[in-house]
1. Roughly speaking, what is the centre-to-centre gap between segment 132-152 and segment 1-36 when only Cα atoms are used, to the nearest Å?
2. Provide the packing ranking of 88-95, 7-14, i.e. peptides ordered by the mean count of other C-beta atoms within 10 Å per residue, highest first.
3. Going Cα to Cα from LYS4, which lysines come in below 22 Å? Please leave out same-chain ones fewer than 8 positions away.
4. Treat each spin label as a single point 7 Å out from the Cα along the C-beta direction, and report the ARG56 to LEU146 distance in nm.
5. Give the percent of DSSP beta bridges with both residues in segment 1-124 that are antiparallel, rounded to the nearest 5.
6. Using a 10 Å cut-off on Cβ atoms, rank the peptides 171-180, 197-206 from the highest mean neighbour count down.
7. Add -39500 (n - 2.57) for each DSSP H run of 4 or more in the chain, then divide by its residues: what number comes out at 222 nm, to the nearest 500 deg cm²/dmol?
8. Hey, got the dipole for the chain? About the Cα centre, +1 on K and R Cβ, -1 on D and E Cβ, debye to the nearest 20?
Amino acid sequence: MNLKDNIVIAISKGRILEEGMELLKTMGIETIVNMSDSRKLIYDTNNSNLKLVIVRAADVPTYVGNGAADIGIVGKDTLVEYGENNIYIPLDLNISKCRMTLAGLPGCKPGPRIKVATKYVKCATDYFMKKKKQVDIIKLYGSMELAPILGLADYIVDLVDSGITLKANGLEEIDSIFDVSAQLITNKASMKTKTESIEKIINSFEEII
């Protein structure tokens, strides 16, 4: 791929990184250093004008929105939770699919004020606002399934893939809030100043998905 501009792609860690790198490999883009043997956060690729930056999911929209990266690969859950300021979302990459779910113990009957544990505070708040229900949001950073079991919360709002972890902990899905997959995002200013290079990358992604 012949790029006339220097392009930085920010990719969120975890499953999206693994599946995103597979897409890039299909496009002929690979890092010069083996990522599994390195703790680097910024990687040169076999395209001299293209670098990859590996960051936390929540930081991808910030890096792209502020122009530190031109392009990002990040889950829809992150965009809903942290906002879409100063970015375009030209493409759904159809990878890292899961869903944002409301879950709880079977037969749960909360009191007048519902307690919800989640790390997705905005997603949970928006969901219950649409339902016209008042809730107390308890922010957790992991092991959501424990919250209903130990009586910390009535429900959890979390990402679910197969649902095996929920079942293993005696919880059930109550409602699917929205489907999640990895999105390709671009900085608005970069789209104007590096149009040709960014469109080439978007088109290459489109061709393989």
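1. Spelled out, the Cα-based centre of one part sits 36 Å from the other.
2. Ranked from most to least packed, the peptides come out as 7-14, 88-95.
3. Within the straight-line cut-off, LYS4 pairs with LYS25, LYS51, LYS188, LYS192, LYS194, LYS200.
4. 1.9
5. Just about 30 percent of them are antiparallel.
6. Going by the mean number of other Cβ atoms within 10 Å, highest first, we get 197-206, 171-180.
7. Calculated mean residue ellipticity at 222 nm is -8000 deg cm²/dmol.
8. 720
Read-outs throughout are calculated quantities, based only on the coordinates presented, and are distinct from any laboratory measurement. A quick note: this is a predicted structure, and the numbers were derived from the prediction, not measured. Here Cβ is always computed from backbone atoms with ideal geometry, including for glycine, and neighbour counts include all displayed protein chains.
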